[in-house]
Amino acid sequence: MLRPMNWIKRYIGVTVVLLSVAIVGATYSGPAMADALDAAMRSGKVGETTRGYIAPVSNSSADIRKLINSINAKRRAKYQSLAKKHKMSLGQIESVVGKRLIERAPKGAYVQNSSGRWVRK
């Protein structure tokens, strides 16, 4: 039987993981932004980081930087809300969600590995 504190940690962890799936959908303000991100990821211009944000893989245009900043601002706001709700640190939320987003990134997308290097999935 799990000790009470371990059960709580496990419950929160599972909840955060399940909510991370919803974050991806809530990250975008509409189909146009989702399409733009999808295109940027497929072309290798942006990738998912271990901290739950997107970042440029190589030199990026002003449009790509604007897209990155917009999506990351929305993600950060959602992460902060989750952290407050679950009494966790922002870093804990970023780490859990980052791992899930990397796991769910499509084949061929760039993702950061644990040493911070970009690799194709």
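Determine whether Lys78 is open to solvent by less than 90 Å² (accessible area, probe 1.4 Å), within 15 Å of Ala34 (Cα to Cα) and assigned to a helix (DSSP H, G or I). In short, no. Gly52 satisfies every condition listed in (1) in contact with a helix residue (DSSP H, G or I) (Cβ under 7 Å, 6 or more places away or on another chain); (2) open to solvent by 50 Å² or more (accessible area, probe 1.4 Å); (3) part of a loop (DSSP other than H, G, I, E, B); (4) not aliphatic (A, V, I, L, M) except (2). Kindly evaluate Thr15 against the criterion of being at pLDDT below 85 and open to solvent by less than 60 Å² (accessible area, probe 1.4 Å). Taking the combined requirement at face value, the residue satisfies it. Note on region 106-121: residues that are surrounded by 12 or more Cβ atoms within 10 Å (Cβ to Cβ) and on the phi > 0 side of the Ramachandran plot amount to 0.
Test Ala73 against the criterion of being modelled with pLDDT of 95 or more and assigned to a helix (DSSP H, G or I), and give yes or no.
Numbers: modelled with pLDDT of 95 or more: yes; assigned to a helix (DSSP H, G or I): yes.
It is true that Ala73 is modelled with pLDDT of 95 or more and assigned to a helix (DSSP H, G or I).
Taking region 101-121, which residues are closer than 20 Å to Asn72 by Cα, at pLDDT below 95 and among the charged types (D, E, K, R)? Glu103, Arg104, listed by residue number.
Considering Glu103, Glu94, the condition of being open to solvent by 70 Å² or more (accessible area, probe 1.4 Å) and either out of contact with any Cys (no Cβ under 6 Å at 6 or more places or on another chain) or free of Cβ contacts under 8 Å to residues at least 24 places away in the same chain (or both) is satisfied by Glu103 alone.
The values are calculated or read from the model by the stated rules, or taken from the named source; none is laboratory data. Treat the numbers as computed from the prediction; the structure is a model and nothing was measured. Neighbour counts are summed over all protein chains in view; Cβ atoms, including those assigned to glycine, are modelled from backbone coordinates with ideal geometry. Quick note on the areas: whole protein, heavy atoms, side chains included, nothing else; ligands and nucleic acids left out. Shrake-Rupley method; radii C 1.70, N 1.55, O 1.52, S 1.80 Å.
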